[in-house]
1. Quick test for you: out of Ala155, Ala86, Ala90, Ala107, pick the one residue that is assigned to a helix (DSSP H, G or I), out of contact with any Phe, Trp or Tyr (no Cβ under 7 Å at 6 or more places or on another chain), away from ligand 2 (no atom under 16 Å from the Cβ) and of a type outside the set (Ser, Thr, Tyr).
2. If you check every pair at least six apart or on different chains, which have Cβ atoms under 8 Å apart with a residue in region 21-32 that is over 13 Å from Arg145 (Cβ atoms) first and a residue that is among the basic types (Lys, Arg) second?
3. Given the criterion surrounded by fewer than 16 Cβ atoms within 10 Å (Cβ to Cβ), of a type in the set (Lys, Arg) and over 22 Å from Asp40 (Cβ atoms), identify the matching residue among Lys157, Lys87, Lys174.
4. Would you mind stating whether Thr180 is within 18 Å of Ala36 (Cβ to Cβ), outside any loop (DSSP other than H, G, I, E, B) and polar (S, T, N, Q)?
5. Suppose we filter region 123-150 for residues that are of a type in the set (Asp, Glu), part of a loop (DSSP other than H, G, I, E, B) and surrounded by 14 or more Cβ atoms within 10 Å (Cβ to Cβ); how many remain?
6. Under 7 Å by Cβ, and 6 or more places apart or on different chains, what pairs join a residue from region 62-87 that is farther than 19 Å from Val125 by Cβ with one that is of a type in the set (S, T, N, Q) and within 16 Å of ligand 2 (Cβ to nearest atom)?
7. Scan region 32-74 for residues that are within 28 Å of Ile131 (Cβ to Cβ), of a type in the set (A, V, I, L, M) and surrounded by fewer than 18 Cβ atoms within 10 Å (Cβ to Cβ) and report the count.
8. I'm told Thr23 meets every condition in (1) within 15 Å of Lys123 (Cα to Cα); (2) crowded, with 24+ Cβ neighbours inside 10 Å; (3) touching an Asp or Glu at 6+ places or on another chain (Cβ under 9 Å) except one. Can you identify the failing condition by its number?
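Coordinate-derived values only; no laboratory data. Please read all numbers here as calculations on a predicted model, not as lab measurements. Every residue, glycine among them, receives a Cβ derived from its backbone with ideal geometry; neighbour counts consider all protein chains shown.
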Amino acid sequence: NERLNQIKKTLKKELDKDRYEHTLGVMYTSACLAMANGYDMEKAQLAGLLHDCAKCIPNEKKLKICAKNNIPVTQVEKDNPFLLHAKVGAFLARVLYEVEDEEILHAISVHTTGAPAMNTLDKIVFIADYIEPKRDKAANLKEIRKTAFEDLDEALKMILCDTIHYLNGSKNDKNIDPMTLETYHYYTGGSH
Ligand code: DGI
Ligand code: FE
Ligand code: FE
Ligand code: FE
């Protein structure tokens, strides 16, 4: 696929080596999850490939891009500018990588916090991001990887639960984005 190859070339320059490899992992894992769910593989691959396209942009520059282009920035995002790589990534996918498909842009913009009532592509990218083969630090990876190919919503629940526990962990004092909390409550009923 010529389009994917072109974008890969650009991303190889825009991302560091680990992030580039992660990106390819998310692209292929998104394709697999698309297969398992009868979803469009091309779209899933494109969304997976581009989901972290803004990840290696310095925080100052991400904030500048937001200011310049009327991308709203919340207080939590100001305090944790890495969160902005999702929204800025969706913006760059549109203006730089010429993606017009709104589902793909949406999946990129919610890939870090999730969102209530995600559509199939949102779920595919969110889950692929967590389980791609190079990811190794996350909790319960073996079980979540298996579940991902059986039941997207169940895998989502597990990931959201682990993420909230991680963010609440005593060792780190991370600001939780209200959207992350909303997503967690929507999918788990806050029951964990
Ligand atoms: O960009 P990636 O590392 O591939 O993955 P990502 O964009 O899903 O980011 C994952 C990290 O984001 C993970 O360490 C958990 C963290 N995260 C998710 N929601 C929130 C959050 N961090 C903060 N501070 N607040 C959140 O609401
Ligand atoms: Fe990301
Ligand atoms: Fe990622
Ligand atoms: Fe829990």
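1. Residue meeting the stated conditions: Ala155.
2. Here the result reads Glu21/Lys134; His22/Lys134; His22/Arg135; Leu24/Lys8, each pair linking region 21-32 to a residue that is among the basic types (Lys, Arg).
3. None of the others qualify; the one that does is Lys174.
4. Working: within 18 Å of Ala36 (Cβ to Cβ): no; outside any loop (DSSP other than H, G, I, E, B): yes; polar (S, T, N, Q): yes.
When the stated conditions are applied, Thr180 does not pass them.
5. 1
6. Pro81/Asn59
7. Final tally of qualifying residues: 3.
8. Among (1) within 15 Å of Lys123 (Cα to Cα); (2) crowded, with 24+ Cβ neighbours inside 10 Å; (3) touching an Asp or Glu at 6+ places or on another chain (Cβ under 9 Å), the lone unmet condition for Thr23 is (1).
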